[in-house]
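The values are calculated or read from the model by the stated rules, or taken from the named source; none is laboratory data. Every value quoted in this text rests on a predicted model; they were computed, and no experiment measured them. Here the Cβ positions follow ideal geometry from the backbone for every residue, glycine too, while neighbour counts run over all protein chains shown.
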Amino acid sequence: MTTATSGRPHLGTALSLGEWSVASDGDAVLSCVGLGSCVAVTMHDPVAKVGAMAHMVLPDSTAARSTPAGAKFVDIAIPLLLQELQAKGALTRRLRICLAGGAQMLQNSSAAMQIGLRNADAAHQQLAERGLTVAGESLGGTRGRTMRLSIGTGRVTVTVPGEQEVEL
């Protein structure tokens, strides 16, 4: 679990599977590199100048063998980020939220194995249950991607190999 809150050591924080980060350093950039079926969520409050990102691996923690920690599961990661952001002065009504990932990396797989689609659906559901909307997204397809959040500007970008970077 990553909890970068401020300071130079957290510049360029790349999140691994199941990690999350909250940052208030205006120079900080949070990223998830090589998102396949995983889904990354970014949340940014431009007034409080704080942002967060989570690298979510699976949609639902209810089948987990033990009490899950961190951001591995969508149903845990989204409430966790909201709680941490609110503790830093963010207001949910001001949050700009983006999603990326959720690709179908295994061709011809059964519906149960469509983890990317299930992760994306779970993220949308968790946000909708809290009355939150997605401002931008890059979900689905069959290719991985990288997502970045610049804390100082709130700029969210997604890069797919061989394509131009897009801003969400």
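Of everything listed in (1) among the aliphatic types (A, V, I, L, M); (2) within 18 Å of Gln83 (Cα to Cα); (3) modelled with pLDDT of 95 or more, the single unmet condition for Leu35 is (2). Taking every residue in the stretch 81-106 that is touching a residue at least 60 places away in the same chain (Cβ under 8 Å) and pairing it with any residue that is in a strand (DSSP E or B) and among the polar types (S, T, N, Q), at least 6 positions away or on another chain, the pairs with Cβ-Cβ distances below 6 Å are Cys98/Thr42; Ala100/Ser138. Picking from residues in the stretch 53-74 that are in a loop (DSSP other than H, G, I, E, B), of a type in the set (A, V, I, L, M) and surrounded by 14 or more Cβ atoms within 10 Å (Cβ to Cβ), the one that is modelled with the highest pLDDT is Val57.
Among the candidates Leu91, Leu85, the residue that is buried (at least 16 other Cβ atoms within 10 Å of the Cβ) and modelled with pLDDT of 95 or more is uniquely Leu85.
Among the residues of the stretch 118-160, those that are out of contact with any strand residue (DSSP E or B) (no Cβ under 8 Å at 6 or more places or on another chain) and assigned to a loop (DSSP other than H, G, I, E, B) comprise Arg130, Gly131, Gly140, Gly141, Thr142, Arg143, Gly152, Thr153.
Scanning the stretch 138-155 for residues that are more than 15 Å from Leu15 (Cβ to Cβ) and among the hydrophobic types (A, V, I, L, M, F, W, C) yields a single hit, Leu139. Scanning the stretch 140-151 for residues that are out of contact with any Leu (no Cβ under 6 Å at 6 or more places or on another chain) and at pLDDT 95 or above, we see that the one that is surrounded by the most Cβ atoms within 10 Å (Cβ to Cβ) is Ile151.
Filtering the stretch 113-162 to residues that are among the small types (Gly, Ala, Ser) and within 22 Å of Leu95 (Cβ to Cβ) leaves Ala120, Ala122, Ala123, Ala128, Gly131, Ala135, Gly136, Ser138, Ser150, Gly152, Gly154.
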